[in-house]
Each structure stands twice: as structure tokens, then as C-alpha cells.
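The structure under discussion appears below in the form of C-alpha cells.
The values are calculated or read from the model by the stated rules, or taken from the named source; none is laboratory data. Bear in mind the structure is a predicted one, so any value in this text is a computation, not a measurement. All Cβ positions, even for glycine, are placed from backbone atoms using ideal geometry, and neighbour counts span all protein chains on display. Keep in mind that these areas ignore ligands, DNA and RNA; they rest on the heavy atoms of the full protein, side chains included. Shrake-Rupley method; radii C 1.70, N 1.55, O 1.52, S 1.80 Å.
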Amino acid sequence: MRAASRRGPWKRGLLLAVLALLLGLLMLLHAKIPNRIGNLGSLVETFLPWLGLFIPVLSAGALWRRSASAAVALLLPVMVWLNLFGGLLGDKSRPGGDLTVVSHNIDTGHPDPAAVARDVAASGADVLALVELTAQTLGTFEKGLAKAYPYHTVRGTVGLWSRLPLSDTRPIDIMMDSGPLMAYNRALRTTVATDQGPLAVYVAHLGSVRVNPRMGFWTAQRNRGAQALAKAIAAEQNERVVLLGDLNGTMDDRAFAGLTSQLRSAQDVAGDGFGFSWPAKFPMVRIDQILVRGVEPANSWVLPATGSDHLPVAAEISW
């Protein structure tokens with residue numbers, strides 16, 4: 001009677017099996033999660049890779065319970081996660097980059113902008129994009145970068161420094177509201193004269209996002225900016241395009257579909273790992289982006305911390 005009352009391995013841990021299946025379905029069907037209530041879909045997509053942390057937790061539970069049903073159910077989230085992110089785990093870099101680009105949110109409240117200027121100049125970038133420039137720090141960066149970068153252009157709080165000549169620079173309206181660091185000039189477009197021909201470079205700092213009980217995942221300004229930026233790039237006549245900047249979102253977020261349909265992430269194509277850039281002390285998401293069209297990413301990586309709350313990101317591109 002005691003043996004008959006024991007639950008077998010297929011009957012033990014049924015709750016764990018259900019949780020594993022729900023986890024797998026959540027990752028598989030993330031695009032179906034509606035944004036009508038607090039932008040829940042975008043919030044899940046922002047932290048989508050981290051859902052994989054539940055897999056070892058559930059696996060430990062399945063081993064402890066000796067549950068065959070939970071072990072089999074775990075195959076679904078494992079396969080879905082690997083399908084979504086397995087390609088990011090290996091090093092995809094290759095030799096032969098022609099141009100090195102760097103993008104960095106320098107942090108408007110940084111106590112030592114001169115040190116940041118030295119750090120980014122030491123990166124060896126040919127083209128350097130900086131965002132969160134202020135009237136108080138601009139002179140420091142112009143002085144600190146003048147020797148390494150004879151050409152530069154600034155529009156509002158974003159700027160581009162280059163070893164190569166720049167031309168046809170103009171601001172891009174990304175539909176920002178006014179306010180502290182909400183200046184309308186938070187994006188620009190310029191042409192870099194390379195040995196292989198002109199390269200259109202966009203620098204952008206999209207609106208911030210917020211999570212609060214009343215509004216949920218608030219992304220209104222960022223989403224408007226992403227749409228405006230996508231429209232500007234769609235109208236770009238130059239086949240070769242690089243977009244640099246703090247987009248305040250991951251490329252898994254559906255809000256960036258207009259950009260990801262036109263541009264490729266250098267990190268996805270030629271990086272090693274996820275390339276998380278924020279927050280600098282414990283990076284959890286990649287919101288600082290290098291996106292390209294018409295050129296080939298050869299390498300993509302994250303640079304050491306500069307004291308900003310963002311890590312600089314870099315890429316080598318080739319023709």
C-alpha cells in the first residue's frame with residue numbers, strides 16, 4: 001500500500017512543470033504581450049534575456065523533487081532562450097575593420113569631464129559620439145579632444161568628434177519636449193568623408209523611460225523619438241549609415257521595429273556576449289547602441305568604465 005501511494009517521477013513536481021511551460025511560453029510569445037496596460041510588452045522585452053535566470057532555478061527544483069515531468073517541461077524555455085540569444089554567446093568578431101566608432105553617454109553630472117575626455121580619446125576611435133553634453137562641459141571636451149580630433153560638430157546636447165572631415169551637418173527633430181536635458185536638439189546627422197566614400201552618421205539621445213505605479217513603463221517620449229529617427233533614416237540617400245547614441249532601450253523592444261527593420265546591431269553581428277552598457281556599476285541592459293546599414297561590422301565591444309553611469313560602446317566597421 002505504501003508503494004502504491006508513492007507518486008512516481010512523472011507525477012512529482014507538476015507545479016514546477018507548469019511554471020517551466022509558462023516561462024517558455026512567455027519568452028516564445030513575448031511579442032504578443034499587449035502594451036495597452038503600462039507598456040507591459042516593452043518592459044518584458046527590455047529584460048527578456050534575464051528571464052533565462054529562472055531556468056537554473058527551476059532545474060534545481062526539478063532535481064530536488066526528482067521530477068521527470070518538470071525536467072521535460074524545462075526543454076521548452078531552454079530551447080526558446082537558446083533560439084533567441086544563443087547566437088550572442090560566441091565571439092563573432094573578425095579582423096579587418098576599416099573604421100572604429102565609439103559612442104558614450106558621458107553623464108551630465110560627471111564630476112570630472114576632463115578625465116572622461118582623456119579616456120574616450122585613448123579609445124583610438126576614428127569617430128566619437130558623445131551625448132549629455134552641457135554648456136558647462138562642452139568647452140572641456142572641445143579642449144580635451146582637439147588634438148586627437150580636428151573635426152567636430154555639436155547640436156544641443158549631442159556631438160560628434162572625428163579624425164576625418166565632416167560636412168552636411170544638420171539637427172534631427174526627434175520630437176522631444178522641453179525641460180532639463182530635454183532640449184529639442186538631441187540628435188544630429190552628418191557626413192564623414194572616408195577613404196571608401198561618404199558615410200552618413202547619426203547621433204541621437206532618445207527620451208528617458210520611467211517605471212512607476214501609476215503609468216507603468218512610461219516610454220512616450222522615447223517612442224516618439226524612435227519613430228522620428230526611423231523616418232529620418234528611411235529618407236537617407238546615402239547607402240552607408242551608422243547610428244550612434246543612447247537610445248534608452250534594447251533592440252528587443254518592439255518600439256524600435258522601425259529602426260531594426262533598416263539597421264543591424266553591430267553587437268549582434270560582430271560582438272561577444274550581450275554587450276550590456278547600463279548601469280555601469282552592474283550592467284543589465286544594452287541601451288547604448290551602434291547600428292549600421294551598408295557597412296559590415298567586424299568587431300563590437302564595451303569599453304571600460306569612465307565614471308559615467310553608462311559604459312562606452314565601440315565597433316569596427318568595414319566596407
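Using the structure shown, decide if ARG170 is open to solvent by 40 Å² or more (accessible area, probe 1.4 Å) and outside any helix (DSSP H, G or I).
Answer is yes for this residue.
Out of segment 1-47, which residues are in contact with a strand residue (DSSP E or B) (Cβ under 7 Å, 6 or more places away or on another chain), modelled with pLDDT of 95 or more and small (Gly, Ala, Ser)?
Scanning segment 1-47 gives a single hit, SER42.
Are any of the residues in segment 240-262 modelled with pLDDT of 95 or more, more than 16 Å from the chain's Cα centre (by Cα) and on the phi < 0 side of the Ramachandran plot?
Yes, some residue in segment 240-262 is modelled with pLDDT of 95 or more, more than 16 Å from the chain's Cα centre (by Cα) and on the phi < 0 side of the Ramachandran plot.
State all residues of segment 146-156 that are outside any strand (DSSP E or B) and surrounded by 21 or more Cβ atoms within 10 Å (Cβ to Cβ); if no residue qualifies, say none.
Hit for segment 146-156 is TYR149, nothing else.
Going by the structure shown, is PHE217 at pLDDT below 95, open to solvent by less than 30 Å² (accessible area, probe 1.4 Å) and within 22 Å of PHE47 (Cβ to Cβ)?
Working: at pLDDT below 95: yes; open to solvent by less than 30 Å² (accessible area, probe 1.4 Å): yes; within 22 Å of PHE47 (Cβ to Cβ): yes.
Spelling it out, PHE217 is indeed at pLDDT below 95, open to solvent by less than 30 Å² (accessible area, probe 1.4 Å) and within 22 Å of PHE47 (Cβ to Cβ).
Of ALA114, ALA71, ALA60, which residue is in contact (Cβ under 8 Å) with a residue 24 or more places away in the chain, assigned to a helix (DSSP H, G or I) and among the aliphatic types (A, V, I, L, M)?
The match here is ALA114.
From THR108, THR100, THR140, grab the single residue that is in a strand (DSSP E or B) and in contact (Cβ under 8 Å) with a residue 12 or more places away in the chain.
Values: THR108 fails: in a strand (DSSP E or B); THR140 fails: in a strand (DSSP E or B).
Matching residue, one of THR108, THR100, THR140: THR100.
When you check TRP319 against the structure, is it at pLDDT below 95 and surrounded by fewer than 24 Cβ atoms within 10 Å (Cβ to Cβ), yes or no? Before the answer, list the steps.
On the way: at pLDDT below 95: yes; surrounded by fewer than 24 Cβ atoms within 10 Å (Cβ to Cβ): yes.
So TRP319 passes the test.
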